[in-house]
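S.K.: Here it is, the structure in full.
The values are calculated or read from the model by the stated rules, or taken from the named source; none is laboratory data. In this text, all values refer to a predicted model and were calculated from it rather than measured experimentally. Every residue, glycine as well, gets a Cβ built from its backbone with ideal geometry; the counts of neighbours run over all protein chains shown.
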Amino acid sequence: MIEFLISLSLTTIIIGAIVLMLITLYKSISIAHKNLLAIGILFVAFLLQLIILLNIDKSIYLYPDIFNHSFIVDKLSTIFDLMFLGGAIFTLAINNRYFINRDYYNGEFFSLILWSVFGMMMLSHANELISAFISLEVASISIYTLVGYKKDDIKSSEAMLKYIILGALASSFFILGTALIYGAVGSTGFGDIHNFIESHPTQDLSMIIVGLSFILITILFKIGAVPFHSWVIDVYHGAPFPITMFMASILKIALFSILLRLYLVDFSHFYNIFSPMLTFIALITLLGGSLLAISQTNLKRMLAGSSIVHSGYLLMALSSIKSDNQEASLAIMFYLVSYVISAIGAFGILSFVASHRKRKLTFEEFKGFAHQRPFLGAMMTIFMLSLAGFPSTIGFLGKFYIFMSVIQSGNIALAGFGIAIAFISVYYYFKLIALMYFYPSPHPKEKYSFSITTVVISLLAIATIWGGIGTKLISFLPSGDVLLEIAREALMQI
Amino acid sequence: MSVILSLLIILPILTVSILGISRASINILRISSLSISIVVFVLIILLTFQFDTSQELQFISKVPWIINYGISYYIGIDALSLVLLLLISLLMPLIFISIWHREEKGYFYNLLLLQSGVIGALVSLDLILFYLFWEIMLLPIFIMIGKYGYGKKEYNSMKIILMTVFGSMSMLFSIIYLGFMHFESYGVWSFALDDLARLNLSVNSNIILAGGFLLAFSIKIPLVGLHTWIAPAYASAPTPALVVLSAIMAKLGIYGLWRFGFELFSATFVYYQSLVTILAIIGMIFYAISAIMQDNLKRMFAFSSASHLSLIALGLFLANIYSWSGSLYLIISHALASAGIFLMIGMIGNRLDTIKISNLGGIASVAPRFTFFFALFALGIVGVPMTGGFVAEMLIIFGAFKYSFVVGVFTASTMVGAIIFVFWMLQRTIFSKAMTKEFPDLSKRELLIIIPLAILLIATGIFPSFFMEIFNTNLELMLQGVKI
């Protein structure tokens, strides 16, 4: 039953992707309808995954006879699937106006997005290194193409070239690592590797450690951790808005889906080796990301820099996973959700603004924005507060859980450092709020326009606030606690 | 009755959301903000009648909030919070009347939001809940100063938020660590104040954790050394924000120390007592001198406010019953007087477009009513006899002498200095040569704002025992737990 449902949801997306590619030929179908179709396909898959989530009680292999135990279906992967699908739905819906106002968007854009989502879903189900690599590449190659989607824009092309060259280089590390591990273990299945590690003394495992480190490098590159971050700002800046949003939020979740599974299963024997390394990377990521974010004058670049900082928080939590204490992985999952909600909202407002007239989206441009568009200004304030980790928003709880899990693992200084970085981030997020509210607007006040984008933005804003204060006080509505409980059940299954 | 407490928090913020979403017109906004603030005031008066002065925390309710970490929506009040609740709920309607003519909707939204935040911070007994409200009330001040302020408002509002958030972050670190220590010691998570107060921590970690709290609250007060935001912020702030800043927000720093600092770290504060005492005494003198040298009335009273808050902090850390009831009484009378003086400075600014002392003079000859009340509040701030300040300062000076002769002498002498400063200020601003020709006297609406404050200020001076009855027993009970 569950196998059928999961393959149904995956095939829905593939078929949807092919259909969308084919209907590109029909110019009579408007871009809004293609977008709607893509959203519809994703939504069907989302519903299917929701049914799976409610019914799944143990982890099973996806058609073990055909795929040879390469793909696993459990609660964790289902939650991640839901995040990808939900995130993709929001990304497409929020950019509706942007697509309509740009003439170069066409069916293949949505098709590529669906392919990418398909790759990510396979990635979250992957239980074997080669399948993980292939899924990762399916997701990534679609995104390489999408980054350079606007062919006549020199920035976009530059971003694509940078990303594809560096990305390919980083991916090769994954293959190298896989080869090394295969050389030692004779298998690439996560379970086999785990068993091999458990049954051998540590001095025999150096090849595996090197291999795992290589794999880690690829993943760290893709999430933009310092020192593999040099591409992030330019690529995020050059890519079209929907893609920047997609990369900053959903691709990051996808990478954490595989990283979390690998880290909990295969790294579990080596926490004392990898934990200090990850701690160090988290520290420099937090610091480097903050420095990058502070110095930007363009909002898109600032958000790109801040996404590095958020990766740093996630790594901070990852580094504090211990074999007897896995609270941190709950914190990671919660933080991913909280970050995605706020980041999609913030990027969505930017793209909404960018869709109306040609703007550079510098901080200067946003002077007096709240007077010009009070509604969007207020929404942006909510998202900025959430990204800054201001209490009463979901972002605060995300950070709170991360700090708690870090302190629980005994690393008090690291938590203190995280709080200090949170303080720095207050500066660049509040700078935007200050610009929006404290200066007169050079543009006249615009009328509130009702569109699907504003509806989605309000929904996300409500989710941001509700995630921060919504609680057991009102028990019939799901809130952060429910999310944590589901995540906890999911982790039990690993 | 605990429902009323929740209602107090929810009502203003609910009004903000409903009016904000429905894009209410300015008239509806005025009427509903004023009526909501009056409703809140009436509710608090009701609570006061129900309040049993012989007991500590009352009207408690505790509902699980974030179960994973044992955080609960845990509220309740004692006399300390009740006094501050009464103050804020009294001031808010007056502030709303004073901005009745303003067209900017932002004032109303922000003030309502601020009221929710302050009330929430005053009633919460869970540290994370407190942190939430503590941060929320920062936002309206930030926006009001930055949006409607004067001078380098953008820079100054950024400065105030960064400094206060820095303090909050250090407090957050302490809170998180305390919660974790509770988990370590008892195996369950809790951030409730009474649970955390039971923790037995090593002296060193207690000193660090107490430092986190102390930093957050000292920035708000501000103690000397952490005061660089106060003069620019006050000078930039528009009148409503200014009244709230001096009459409420600064006092919340004291409240935080009192409620959380002393409850959690009363033994540890021994190590900080001398430091705070010295800083407070230096602060009183330094701020008084700075105040004398200012030419801008707002900056002048910013420093005078800080000077008095240092005195209150001193009284708090001397930790005997005289100094404690003196401090709490000074909070009341100083809030009344400073709210009055800042409202009247706002009136001067509206009428003359200047609040520089060198441009003022001779108001007394054209506006006698204004002069009377202005002088009353100015004298009330420094605590001349017949105002509450006098009683309070006397009590703190008693407490200071009880603690140490030297501290007593310093405290007493700064009081005299303050009186000189205020007389000189009055002489230059209100009397002296007639620079001001056109100065309309107080209108009816302005009288409506000023008279309640003035009456209360005098009443606190004449019937101190009537007011002190509310909190004296409570303070004695609280003092029993303090081991300085």
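S.K.: Keeping to the range B:181-198, report how many residues are at the interface with another protein chain (Cβ under 10 Å from one of its Cβ atoms) and buried (at least 20 other Cβ atoms within 10 Å of the Cβ).
M.R.: Residues of the range B:181-198 at the interface with another protein chain (Cβ under 10 Å from one of its Cβ atoms): B:181, B:183-184, B:189.
Narrowing the set further to residues that are buried (at least 20 other Cβ atoms within 10 Å of the Cβ) leaves none.
So the answer is 0.
S.K.: What pairs come up if the first residue lies in the range B:427-440 and is touching a residue at least 60 places away in the same chain (Cβ under 8 Å) and in a loop (DSSP other than H, G, I, E, B), the second is surrounded by 12 or more Cβ atoms within 10 Å (Cβ to Cβ) and charged (D, E, K, R), and their beta carbons are under 7 Å apart, counting only those six or more places apart or on different chains?
M.R.: The qualifying pairs are B:Phe439/B:Arg351; B:Pro440/B:Arg351.
S.K.: Output the residues belonging to the range A:399-410 that are in contact (Cβ under 8 Å) with a residue 60 or more places away in the chain, more than 20 Å from A:Val340 (Cβ to Cβ) and not in a loop (DSSP other than H, G, I, E, B).
M.R.: Listed by number, the residues that qualify are A:Met404, A:Val406, A:Gln408.
S.K.: If we scan the range A:3-14, do we find a residue that is among the charged types (D, E, K, R), over 21 Å from the mean Cα position of the chain (by Cα) and closer than 30 Å to A:Ala331 by Cα?
M.R.: Kept after step one, since they are among the charged types (D, E, K, R), are these residues of the range A:3-14: A:3.
Add one more test, that the residue is over 21 Å from the mean Cα position of the chain (by Cα), and what stays is A:3.
Subsequent filtering for residues that are closer than 30 Å to A:Ala331 by Cα retains A:3.
Yes, there is a match, as at least one residue in the range A:3-14 is among the charged types (D, E, K, R), over 21 Å from the mean Cα position of the chain (by Cα) and closer than 30 Å to A:Ala331 by Cα.
S.K.: Checking the condition at pLDDT 90 or above and of a type outside the set (A, V, I, L, M, F, W, C), which residue from B:Ser266, B:Ser236 passes?
M.R.: B:Ser236
S.K.: Still on this structure: Check B:Leu242, B:Leu178, B:Leu201 and return the single one that is of a type outside the set (Asp, Glu), part of a helix (DSSP H, G or I) and within 14 Å of another protein chain (Cβ to nearest Cβ).
M.R.: B:Leu178
S.K.: Among the listed residues B:Ile38, B:Ile45, which satisfies the condition of being surrounded by fewer than 15 Cβ atoms within 10 Å (Cβ to Cβ), in contact with a Pro (Cβ under 6 Å, 6 or more places away or on another chain) and in a helix (DSSP H, G or I)?
M.R.: B:Ile38
S.K.: A:Lys431 - would you say it is charged (D, E, K, R), farther than 24 Å from B:Asn68 by Cβ and assigned to a loop (DSSP other than H, G, I, E, B)? If you could, list the steps in order and put the result at the bottom.
M.R.: On the way: charged (D, E, K, R): yes; farther than 24 Å from B:Asn68 by Cβ: yes; assigned to a loop (DSSP other than H, G, I, E, B): no.
Answer is no for this residue.
S.K.: Can you run down the residue pairs with Cβ atoms below 8 Å, 6 or more apart or on separate chains, where the first is in the range A:208-229 and under 20 Å from A:Leu287 (Cβ atoms) and the partner is part of a loop (DSSP other than H, G, I, E, B)?
M.R.: From the range A:208-229, the pairs are A:Ile217/A:Phe228; A:Leu220/A:Phe228; A:Phe221/A:Phe228; A:Gly224/A:Trp231.
S.K.: Restricting to the range A:192-211, count the residues that are crowded, with 23+ Cβ neighbours inside 10 Å and not β-branched (Val, Ile, Thr).
M.R.: 1
S.K.: Sort out which residues of the range B:67-126 are β-branched (Val, Ile, Thr) and in a helix (DSSP H, G or I), and write them in order of number.
M.R.: Within the range B:67-126, B:Ile67, B:Val83, B:Ile88, B:Ile95, B:Ile97, B:Val118, B:Ile119, B:Val123 qualify.
S.K.: Now for a different question. Exactly one condition in (1) surrounded by 20 or more Cβ atoms within 10 Å (Cβ to Cβ); (2) of a type outside the set (Gly, Ala, Ser); (3) within 10 Å of chain A (Cβ to nearest Cβ) is not met by B:Leu162; state its number.
M.R.: Result: B:Leu162 passes all but (1).
Results for (1) under 30 Å from A:Tyr339 (Cα atoms); (2) in a helix (DSSP H, G or I); (3) small (Gly, Ala, Ser), shown as yes or no for each residue.
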{"residue": "A:Leu166", "(1), (2), (3)": "yes, yes, no"}
{"residue": "A:Leu169", "(1), (2), (3)": "yes, yes, no"}
{"residue": "A:Leu176", "(1), (2), (3)": "no, yes, no"}
{"residue": "A:Tyr182", "(1), (2), (3)": "no, yes, no"}
{"residue": "A:Ile197", "(1), (2), (3)": "no, yes, no"}
{"residue": "A:Ile208", "(1), (2), (3)": "no, yes, no"}
{"residue": "A:Ser213", "(1), (2), (3)": "yes, yes, yes"}
{"residue": "A:Ile253", "(1), (2), (3)": "yes, yes, no"}
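S.K.: Suppose we filter A:Ser116, A:Ser111 for residues that are closer than 17 Å to A:Ser140 by Cβ, surrounded by fewer than 24 Cβ atoms within 10 Å (Cβ to Cβ) and at pLDDT 90 or above; which single one remains?
M.R.: After ruling out the rest, the residue left standing is A:Ser111.
S.K.: If the Cβ limit is 9 Å and pairs must be 6+ apart or interchain, which residue in the range A:26-48 that is polar (S, T, N, Q) pairs with which residue that is surrounded by 19 or more Cβ atoms within 10 Å (Cβ to Cβ) and part of a loop (DSSP other than H, G, I, E, B)?
M.R.: A:Asn35/A:Asn95; A:Asn35/A:Tyr105
S.K.: Mind listing just one residue for me: the one in the range A:411-435 that is within 7 Å of chain B (Cβ to nearest Cβ) and of a type in the set (Phe, Trp, Tyr) and, of those, nearest to A:Ser342 (Cα to Cα)?
M.R.: Across the range A:411-435, the extreme among qualifying residues is A:Phe430.
S.K.: Considering each of B:Leu5, B:Leu19 in turn, give the residue that is surrounded by 13 or more Cβ atoms within 10 Å (Cβ to Cβ), over 15 Å from B:Met92 (Cβ atoms), in contact with a strand residue (DSSP E or B) (Cβ under 8 Å, 6 or more places away or on another chain) and not hydroxyl-bearing (Ser, Thr, Tyr).
M.R.: Of B:Leu5, B:Leu19, the one residue that is surrounded by 13 or more Cβ atoms within 10 Å (Cβ to Cβ), over 15 Å from B:Met92 (Cβ atoms), in contact with a strand residue (DSSP E or B) (Cβ under 8 Å, 6 or more places away or on another chain) and not hydroxyl-bearing (Ser, Thr, Tyr) is B:Leu5.
S.K.: Under 9 Å between Cβ atoms, which residue pairs at least 6 apart in sequence (or on different chains) link something in the range B:1-19 that is modelled with pLDDT of 90 or more with a partner that is among the charged types (D, E, K, R)?
M.R.: Close Cβ pairs (under 9 Å, with a partner that is among the charged types (D, E, K, R)) amount to B:Leu19/B:Lys105.
S.K.: Does A:Phe396 satisfy being assigned to a helix (DSSP H, G or I), within 18 Å of A:Ser306 (Cα to Cα), in contact with a Phe, Trp or Tyr (Cβ under 8 Å, 6 or more places away or on another chain) and at the interface with another protein chain (Cβ under 10 Å from one of its Cβ atoms)?
M.R.: Taking the combined requirement at face value, the residue satisfies it.
S.K.: Something else: Take A:Leu42 and tell me if it is within 26 Å of the chain's Cα centre (by Cα) and farther than 21 Å from A:Thr78 by Cα.
M.R.: no
S.K.: Could you tell me which residue of the range A:116-162 is nearest to A:Phe214 (Cα to Cα), considering only residues that are of a type in the set (Phe, Trp, Tyr) and under 17 Å from the mean Cα position of the chain (by Cα)? Break it down into steps so the answer makes sense when it comes.
M.R.: At the first step, the residues of the range A:116-162 found to be of a type in the set (Phe, Trp, Tyr) are A:118, A:133, A:144, A:149.
Next, only the ones that are under 17 Å from the mean Cα position of the chain (by Cα) stay: A:118, A:144.
On the way: A:Phe118: 25, A:Tyr144: 22 Å.
Checking each candidate, the answer is A:Tyr144.
S.K.: Scan A:Phe403, A:Phe383, A:Phe347 and give me the residue that is crowded, with 24+ Cβ neighbours inside 10 Å, at pLDDT 90 or above and within 10 Å of chain B (Cβ to nearest Cβ).
M.R.: Result of the check over A:Phe403, A:Phe383, A:Phe347: A:Phe403.
S.K.: Something else: Which count do you get for residues in the range B:403-422 that are at pLDDT 85 or above and surrounded by 15 or more Cβ atoms within 10 Å (Cβ to Cβ)?
M.R.: Within the range B:403-422, residues that are at pLDDT 85 or above and surrounded by 15 or more Cβ atoms within 10 Å (Cβ to Cβ) number 7.
S.K.: Which residues, counting only those in the range B:127-159, are facing chain A (nearest Cβ under 9 Å) and either at positive phi or not in a helix (DSSP H, G or I) (or both)?
M.R.: Across the range B:127-159, the qualifying residue is only B:Gly149.
S.K.: Being assigned to a helix (DSSP H, G or I) and β-branched (Val, Ile, Thr) is the filter here, so list the residues in the range A:33-76 that pass it.
M.R.: A:Ile39, A:Ile41, A:Val44, A:Ile51, A:Ile52, A:Ile66
Residue-wise test of (1) under 23 Å from the mean Cα position of the chain (by Cα); (2) within 24 Å of A:Phe375 (Cβ to Cβ); (3) among the polar types (S, T, N, Q).
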position	(1), (2), (3)
A:Ile407	no, no, no
A:Gly410	no, no, no
A:Ala422	yes, no, no
A:Tyr428	yes, yes, no
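S.K.: Further, regarding this structure: Name, by its number, the condition in (1) surrounded by fewer than 17 Cβ atoms within 10 Å (Cβ to Cβ); (2) among the basic types (Lys, Arg); (3) part of a helix (DSSP H, G or I) that does not hold for A:Lys447.
M.R.: Failed condition: (3).
S.K.: If I filter the range B:384-392 for residues that are surrounded by fewer than 20 Cβ atoms within 10 Å (Cβ to Cβ), hydrophobic (A, V, I, L, M, F, W, C) and assigned to a loop (DSSP other than H, G, I, E, B), do I get at least one hit?
M.R.: Taking the range B:384-392 as the starting set, the residues that turn out to be surrounded by fewer than 20 Cβ atoms within 10 Å (Cβ to Cβ) are B:384-386.
In the following step, the residues that additionally are hydrophobic (A, V, I, L, M, F, W, C) were identified as B:384, B:386.
Next, only the ones that are assigned to a loop (DSSP other than H, G, I, E, B) stay: B:384, B:386.
Looking for residues that are surrounded by fewer than 20 Cβ atoms within 10 Å (Cβ to Cβ), hydrophobic (A, V, I, L, M, F, W, C) and assigned to a loop (DSSP other than H, G, I, E, B), one finds at least one in the range B:384-392, hence yes.
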